[in-house]
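Only one structure is covered here, and it is reproduced in the block below.
The values are calculated or read from the model by the stated rules, or taken from the named source; none is laboratory data. In this text, all values refer to a predicted model and were calculated from it rather than measured experimentally. Cβ atoms come from the backbone with ideal geometry, glycine included; neighbour counts cover every protein chain shown. Calculation scope for accessible area: heavy atoms of the full protein, side chains included, ligands and nucleic acids excluded. Shrake-Rupley method; radii C 1.70, N 1.55, O 1.52, S 1.80 Å.
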Amino acid sequence: MNYWPSVKSKKPTIQREFRGVNKLDSFSIGDSFATEATNLTSSKYPALTTRLGFSLLGSGFVAAVNGLGAWKDSELQAISGGTWYKYSGGAWSGVTGGTGLATADASFANFKGGFAGINLIMANGVVFKKYDGVSVTNLATAPAGGNYVEQFADRLWCAVGNDLKYTAYRVGDDWTTINGDDADSGFITVESPNGETINGVKAGLSAMTLFKPSSIHKLMGYAPSDYTLITVTREIGVLNNKCAVTIQGVMYILDDTGLYKYYGSTLPDKSFSEVVQYYIDNMNKAASSTCFLASDGRYLYAAIPMAMATTPDTLIVYDTQFKIWYVYKDWSPTCGVKMGNDLYLGESTGKVIKPSGTTDGGLPIAFKWVSKPFGSGSMNQRIRWYRTWLVVDVAPGSYVTVSVSNEPILDSWTTVQTITGTLQSVRMPVNLGALAMGNWLRVKFEGAGPVTIYEWDREQEEMPLI
C-alpha cells in the first residue's frame, strides 16, 4: 500500500502578549514590543486593543482652553478666552464675575479656611480669583503676580518670582498679617545659582515641591517655625507648572531632558521612560510651554508637541499597573483635570473632552501597530514566513489590515489580508515572492474602529547561514 508523502510540520511562533511601544534599538527589543503603537491601549492586556475615544462636553469654545478645575470634585470649571465657565446640565455657561481673566494658563485649588464654604481658587499670574459655587470674585490681599496656587498645611500658597508666598493659618484671603507667631502669613525665598524663578508648585501629603526650569526644591514642615527648605537636585527641573502630577503617591515630572518618577526621598529617575525618550528628544522645544501631564488615576498622559507642532499633537500614555507605553494621536490637549474617577481634557481647539466611548466624537479611531524586525539565530541568516494567523475580535464597522515587509526600517509593505467580522481565527498565507531572501521580516496591523488582537502566530523557516 502506498502512503501519502509526509509533510514537514513547522512549529509556529506564538505571541499572546503585546507590551506597547519601545523606541530603543529595534533589533534588540523584546518580541512583544512594537516600534510603533498608535491609538492602542493596554486596557485588555496582554491583548492589543484600540484606545478609548472621546465625547465632547457641550459646545466647543472659540478660544483655546487655558485651564480646567473641579469645584469640590463635583462641578467642572473651564477658562477660555479670558472667561470662566461652569459645566452643568450638559452645557457650559459663563459664571457671574468671571470675565477679563487674561489668557494665561490657570492653576486651581479648593480651600475652605475663613470662607463660608469651600471655594475654588484660581491664579494665572495676572489675576487671583475665587469661586464659591455662584460667582467669581477677587481674592482679597492676594499678592500681585501670584501664580501656581496650591493648598497645603491649612494655607494657600503661590509663587511670585523667586518667592513662595503663603496665607495666614486657615485664612484664604489673608496674605499680609504678621503677628510674630505660627499663624502668620509670609514668604520663603527660593534661591538658586543660575537665578531662575519658580515655574511650578505642587503640594503633597507631607511636603511642598517647588520647581524651577533646572532645579527641584522641597519644603518640609507644618508651620513657619519649622519650615525647612531642601534642594533636591540642580540637574532636573520642570517645563512648566502643568508638567508635574502625582499618581498613587508617586510624582511624575516632565523636564526637557526626560520624564521622571520622584518618590520624595530619592532623586528623580527616568529609567521607566527610556523606551519613549525618543518623543522627549524630538519634541518642539520652542513650544515646550504647552506640554502637560495628567492622569485618571491609572494612566499617565504626557502631552507633547512633536517636530514643528506649536501645541501638543502627541500623547505618550503610561499604564502604571502593567508598566506599558502607548502613543495617542488625533487629540490636541492643552490642560487636564481629574474629577472623581474621570479625566477631562481641554484642547487648543477650544473643546473640552472626556475620554470615553469607541469613537473620537463620532469619527472612527485609526490605529497602527508595527513589530520589530524579526530575524533568525544569526542576523546574517535569511528567513521566510509561509503563513501567519490572528485571533482577533473586530467590531461591526471596524477592520484591521495585516501587512508584511522584508525591510527592517523602510516603510515598504505588502498587504496580506483585510479582516472584518466578530471574534475569529484567521489563517493568512504569505506572498513568498514579496518576502524572498530577507534577513528580517516585520508585520503591521493597521485599521480603524474597536479591534482586539489576542494572538498572532507565524510559521517561520530559517535558511542556512552561507
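With a cut-off of 12 Å between beta carbons, the residues surrounding K23 carry a summed charge of -3, where Lys and Arg count +1 and Asp and Glu -1.
Going down the table (K112/K242; K285/K351; K86/K354; K270/K323; K130/K212), which pairs top 19 Å between alpha carbons? Long pairs (Cα-Cα over 19 Å): K112/K242; K285/K351; K130/K212. Here is the size of region 9-107 from its Cα atoms: Rg then Dmax, 22.2, 77 Å. For K72, give me every one of the aspartates and glutamates with a C-alpha distance below 15 angstrom, ignoring sequence neighbours fewer than eight places off in its own chain. Within the straight-line limit of under 15 Å, K72 reaches these aspartates and glutamates: D132, E150, D342.
Helix-only arithmetic for the chain: the sum of -39500 (n - 2.57) across DSSP H runs with n ≥ 4, divided by the residue total, places the mean residue ellipticity at 222 nm at 0 deg cm²/dmol. 3J(HN,Hα) along region 249-258, derived from phi through the Karplus expression 6.51 cos²θ - 1.76 cosθ + 1.60 where θ = phi - 60°, amounts to x, 10, 8, 10, 10, 9, 10, 5, 9, x Hz, with x in place of Gly and Pro.
Using the Stokes-Einstein relation with a Kirkwood hydrodynamic radius computed over Cα pairs, the translational diffusion coefficient of region 302-395 at 10 °C and a viscosity of 1.306 mPa s comes to 94 µm²/s. Taking every protein chain into account, the accessible area of region 303-392 amounts to 36 square angstrom per residue (probe 1.4 Å).
Shown here is the pair-distance distribution of region 178-258: with all Cα-Cα distances grouped in 10 Å bins from zero up to the longest one, the shares run 18, 47, 28, 7, 0 percent.
Shown in residue order for region 282-291 are the 3J(HN,Hα) couplings computed by the Karplus curve 6.51 cos²θ - 1.76 cosθ + 1.60 at θ = phi - 60°: 10, 6, 7, 4, 5, 10, 5, 5, 8, 5 Hz (x for Gly and Pro).
For region 29-179, the per residue solvent-accessible surface stands at 37 Å², with DNA, RNA and ligands left out and a 1.4 Å probe. Amide hydrogen proximity for G20: with H placed 1.01 Å from N in the peptide plane, the residues at 5 or more positions away or on another chain lying under 5 Å are A34. Checking (i) 0.98; (ii) 1.05; (iii) 1.16 against the coordinates, the calculated Cα Rg over 2.2 N^0.38 Å falls under label (iii).
If you take all other residues with their beta carbon under 13 Å from the beta carbon of D296, and give Lys and Arg +1 and Asp and Glu -1, the sum is +2.
This model, with +1 at the C-beta of Lys and Arg and -1 at the C-beta of Asp and Glu, gives the chain a dipole about its Cα centre of some 1260 debye. Per-residue 3J(HN,Hα) values for region 142-154, derived from phi via the Karplus relation 6.51 cos²θ - 1.76 cosθ + 1.60 with θ = phi - 60°, read 4, x, 4, x, x, 9, 6, 5, 9, 10, 7, 6, 6 Hz in sequence order (x marks Gly and Pro). Kirkwood hydrodynamic radius of region 404-455, from the reciprocal of the average inverse Cα-Cα distance over all distinct pairs: 12.8 Å. Rounded to the nearest 20, the size of the Cβ-charge dipole of region 309-452 about its Cα centre is 520 debye, with Lys and Arg at +1 and Asp and Glu at -1. By accessible area, using a 1.4 Å probe on protein heavy atoms only, the chain has 52% of its surface on carbon and sulfur. Dimensions of region 50-135 based on its C-alpha atoms, expressed as ranges along the principal axes with the largest first, amount to 47, 25, 23 Å.
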